[in-house]
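*Asks:* Once you've had a glance at the structure underneath, I'll fire off some questions.
The values are calculated or read from the model by the stated rules, or taken from the named source; none is laboratory data. Note that the structure is a prediction, hence the values are computed from the model and not measured. Here the Cβ positions follow ideal geometry from the backbone for every residue, glycine too, while neighbour counts run over all protein chains shown.
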Amino acid sequence: MSGTTSYLAEGPRVGLRHFTREDGAEFTARARESTALHRPWLFPPTTPAAYASYAGQLIDDPAKAGFLVCEKDGDGAEGAGRIAGFININNIVGGAFLCGALGYGAFAHAAGRGLMSEGLGLVVGYAFGPLGLHRLEINVQPDNAASIALARRRGFRLEGFSPAFLHIDGAWRDHERWALTADMVRT
């Protein structure tokens, strides 16, 4: 996207926007470039058909909210607006729960630069603000040090351990449960 992008929220280096169906080519190219970074924890779509299904769910399902973390400034031909990563709020539940489960991934060119930390802070603000949620959860495989570091850096607290919690890459995987509530970020 160009420098005329309208963001839902902005930080010093990144802007946050919703997925669109038109993001497929860039998203899948970045996912293919990032396979070594993502495996064995994450399997984002790498084909146009897989992206269409994935993005369609994030766009059309009210129990999900998908966000692209985009660089506000860029180097070379790619320029501003390139996708650095993604953060999704899944399983959004209203009523007395007001909770959602986060899933996220950085793309290889953006990993280790603090862009996802900034982006996650924007998503937390959006979730506890316009979305009106009270609680966000992150479920992370214990060996995924980078994902755990991101959760910790953004103030999520470790709440427990769930054996055989999610089916990923052909097996039921153990996960640590991290959470943040709206009152934990208010000062």
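*Asks:* Output the qualifying pairs, or none if there are none: Cβ atoms under 6 angstrom, residues six or more apart or on different chains, first residue in the range 20-44 and charged (D, E, K, R), second residue part of a helix (DSSP H, G or I) and at pLDDT 95 or above.
*Replies:* Arg21/Ala55; Glu33/Ala108
*Asks:* To continue, here is another question. Can you list the helices (runs of 4 or more DSSP H) lying wholly within the range 82-187 that have 2 or more residues being surrounded by fewer than 21 Cβ atoms within 10 Å (Cβ to Cβ) and either among the basic types (Lys, Arg) or touching a Pro at 6+ places or on another chain (Cβ under 7 Å) (or both)?
*Replies:* Correct list: 145-153.
*Asks:* Within the range 28-60, can you find the residues that are among the polar types (S, T, N, Q) and in contact with a helix residue (DSSP H, G or I) (Cβ under 7 Å, 6 or more places away or on another chain)?
*Replies:* Correct list: Thr28, Ser34, Thr46, Thr47.
*Asks:* Of all residues in the range 61-81, which are in contact with a helix residue (DSSP H, G or I) (Cβ under 7 Å, 6 or more places away or on another chain) and either modelled with pLDDT under 95 or closer than 23 Å to Thr35 by Cβ (or both)?
*Replies:* Gly66, Phe67, Leu68, Val69, Glu71
*Asks:* Those residues that are within 18 Å of the chain's Cα centre (by Cα) and at pLDDT 95 or above, I need them from the range 155-181; list them, please.
*Replies:* Gly155, Phe156, Arg157, His175, Glu176, Arg177, Trp178, Ala179, Leu180, Thr181
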